[in-house]
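Single-structure report; data block below.
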Amino acid sequence: MSKILKFTQFSVRDLIVASAPTVLAIVGVCLLAYWVVDPAPPRTVRLGSGQENSAYEEFGKKYAAALAKHGVKVTMVPSAGSSENLRNLKEGKVDIAFVQSGSTNEEAAEREGLSSLGSLFVEPLWLFLREEKGKPPITTLTQLRGKKINYGPKGAGSPRLFRQVLELNGVEKGEVERFSLANTPATVELLEGRIDGLVFTSAPEAPLIQMLLQTPGIKLFDFSQAEAYARKLPFLTHVTLPQGIVDLGRNLPAEDYNLIAPTATLVAREDLHPALVDLFVQAASGIHSGAGWFQQQGQFPSAKYSEIPVDAEAAKFYKSGPPFLQRYMTFWLANFFDRMWVVVVALGALILPLSKVIPPLYVWRIRSRVYRWYGQLRAVEQKVEEAQEAPEETRTQVYQAQLKRLDEIEDLVNQVSIPLSFADGLYGLRSHIQFVRKRIQFLMGEGAPVPTDAVPI
């Protein structure tokens, strides 16, 4: 009836089962920390660009191409310009956008949860005027009184800036007939002679700027007092359009032009994922760092020239360059390891206290294989006790049935697999089974008296 006991030095299976709840709890908390405390960066982002054929639109396409290499889709959201982009940022319609300096102030930006990723380029205030035969060229803004000038559409940055410039010259509202057409139809109106001039604030890369600088009969206004404007409006800088920069062979333009220029800034909502901030700043470095008409090599992008507070991640990039891991790994792999510190913190907080739970669970699981049979043994004793008041024939039948039950219990106990360090409990159980068997045999008159020093269960 008895079988060889299955002893082992250590029960790996029991350890796994005992530690499973703790391991699952640790894994669950780590995953929660990984995805909730520091979620993965989204794979799509909305970029507020600008009007058709504008510099904002052209640069927006470059950003989309740069981020697409890292598996991030940039959805461009067209707008009238800087002011509309700023409004879309505040309303959450875009995540990041091009905004012209001077469009807001530090207090308002902080209140709306906006931060700058850096200044990207200067975008001069271009005032193109139609030349009139027989009339002297316009050299001062006061000469614009009575003229038809397109300020740009509502939501662009140029109307607000141009109004400020006119006010500095004492030109009151209404003295200039204002139009609010988008850049492309305004250019058509100028070329057709239905308006006298139009205003842009744009980088020179914009196709319409390039075209108008080379169009006969269209003249660029020279802001001869550019330095004074820059002193009056601190967000403006004085830049010079050099002679021949458009076309050296044709010497276009034929002279230097003084211009006033705000800077274009990449502005993001404060909830933009830090990893995406890094991607955009790195893209900006590749797109805007070269020399241009109004900038030197490496002058942009920059943490300067913006009244909006610079994002901490962007400031770190301008100070130290791209994150260490991203210099040697793909964006997503570097981001994964960069975010692993959250898991490390979670592990450190959980492993030590929860690891103290595993040994007691392991011991309880092993000992429970022995202890559960004591319930069966106690049930046999109870039936024997109850049978003592029954008639002799019935009592004998109960005793025989319980002896048979003891044999079954002993046979099953002998099949229990248990580590050697816990064998004492198993041998104790077998001795108690033998004790109960002798007691029943004694009651039946078949065995010797039960020793008085035996320990009952």
Theoretical ellipticity at 222 nm over the chain - DSSP helices of four or more residues, -39500 (n - 2.57) apiece, nearest 500:
-15000 deg cm²/dmol
Degrees between helix 392-413 axis and first principal axis of the chain (Cα, 0 to 90, nearest 10)
50 degrees
How far is helix 358-387 tilted, in degrees, relative to the longest principal axis of the Cα atoms in the chain, given as a value from 0 to 90 rounded to the nearest 10?
40 degrees
Going residue by residue through the range 280-288, the Karplus relation 6.51 cos²θ - 1.76 cosθ + 1.60 with θ = phi - 60° gives ³J(HN,Hα) values, rounded to whole Hz and with x marking Gly or Pro, of 5, 5, 5, 5, 4, 4, x, 8, 10
Net charge near E381, counting Lys/Arg +1 and Asp/Glu -1 over other residues with Cβ under 13 Å of its Cβ?
+4
Cβ-defined net charge surrounding R269, 9 Å radius [Lys, Arg +1; Asp, Glu -1]
-3
Nearest-10 value in Å² for the accessible area of L166, using the 1.4 Å probe
10 Å²
Which FRET efficiency value, to the nearest 0.05, is calculated for K173 and W332 with the Förster distance at 56 angstrom and r the Cβ-Cβ distance?
0.60
Could you work out the relative contact order of the chain? I mean the mean sequence separation of Cα pairs under 8 Å and 6+ apart, divided by the number of residues, in percent.
22 percent
Could you report the range 84-231's accessible area per residue, 1.4 Å probe, as an integer in Å²?
43 Å²
DSSP loop (so not H, G, I, E, B), at most 15 other Cβ within 10 Å: list which chymotrypsin sites (Phe, Trp or Tyr not before Pro) in the range 215-245 pass both filters.
none
Among the aspartates and glutamates, select those whose C-alpha is under 16 Å from the C-alpha of K148, and discard any that sit fewer than 8 residues away in the same chain.
E131, E132, E172, E175, E177, E189, E192, D196
Which percent of the accessible heavy-atom area of the range 171-213 goes to carbon and sulfur, probe 1.4 angstrom?
52 percent
Just grab the label-to-label distance for K304 and E381, each label 7 Å out from Cα along the Cβ direction, in nm (one decimal).
9.1 nm
Length gain on complete extension for the stretch V27 to K404, per 0.36 nm per residue less the alpha carbon to alpha carbon distance?
130.8 nm
Principal semi-axes in Å for the range 53-112 [√(5λ), Cα gyration tensor, largest first]
23, 14, 10
I'd like to know which of A186, G146, S49 lies farthest towards the positive end of the charge dipole of the chain, counting +1 on Cβ of Lys and Arg and -1 on Cβ of Asp and Glu.
S49
Projecting each Cα onto the charge dipole of the chain (Lys/Arg +1, Asp/Glu -1 at the beta carbon, about the Cα centre), which of G290, Y328, V99 comes out farthest on the positive side?
Y328
Provide the descending list of Cα extents for the chain along its principal axes, expressed in whole angstroms.
143, 42, 33
Give, in nm to one decimal, the length gained when the segment between E132 and R372 is fully stretched (0.36 nm per residue of separation minus the Cα-Cα distance).
75.6 nm
Which of the aspartates and glutamates could a cross-linker bridge to K90, judged by Cα under 18 Å and excluding same-chain residues fewer than eight apart?
E106, E107, E110, E112, E270, D271, E307, D311
Find out how many positive minus negative residues lie around Y63, taking Lys and Arg as positive, Asp and Glu as negative, among other residues whose Cβ is under 14 Å from that of Y63.
0
Out of all Cα-Cα pairs in the range 100-213, roughly what percent, to the nearest whole number, are more than 24 Å apart?
31 percent
Have a look at the DSSP beta bridges in the chain and tell me what percent are antiparallel, nearest 5.
60 percent
Quick check: the angle from helix 158-168's long axis to the longest principal axis of the chain, C-alpha only, nearest 10 degrees?
50 degrees
Compute the FRET efficiency between K73 and F324 as 1/(1 + (r/R0)^6), taking r as their Cβ-Cβ distance and R0 = 25 Å, and round to the nearest 0.05.
0.40
Quick one: dipole size for the chain, taken about the Cα centre, charges +1 on Lys/Arg Cβ and -1 on Asp/Glu Cβ, in debye to the nearest 20.
640 debye
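The values are calculated or read from the model by the stated rules, or taken from the named source; none is laboratory data. Not measured: the values here are computed from a predicted model. Here Cβ is always computed from backbone atoms with ideal geometry, including for glycine, and neighbour counts include all displayed protein chains. All accessible areas refer to the heavy atoms of the entire protein, side chains included, with ligands and DNA or RNA removed. Shrake-Rupley method; radii C 1.70, N 1.55, O 1.52, S 1.80 Å.
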